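Down below is the structure, laid out as structure tokens.
Every number here is computed from the coordinates shown, using simple stated rules; none is lab data. For clarity, every value in this text was computed on a predicted model and none was experimentally measured. Cβ sites come from the backbone with ideal geometry, for glycine too, and all protein chains shown count toward neighbours.
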Amino acid sequence: MEDNIICNCMDVSEHEIVFTIKNNEDVNLQDIMDITGAGTGCGSCVGDIEEILERELKK
Ligand code: FES
């Protein structure tokens, strides 16, 4: 379900996060937050972003 909203504060979908990971070499959590804004509100979604990052980097 790549269109899941991961970050409600900033309205960032899983698809956007995956896209960011795929299009930026050696991307880390902070980069994803800077680029998409995800995780920069309440912070409750940061763990979910990390999980997506780890999952995508294993592919
Ligand atoms: S849900 Fe992502 S910062 Fe609040």
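Restricting the calculation to Cα atoms, segment 5-58 shows an Rg/Rh of 0.91 when the hydrodynamic-style radius is the Kirkwood one.
Simple spin-label estimate for residue 24 and residue 40 gives 1.0 nm between the two label positions (7 Å along the Cα-to-Cβ direction from each Cα). Label positions at residue 8 and residue 54, each projected 7 Å from the Cα along the C-beta direction, are separated by 2.4 nm.
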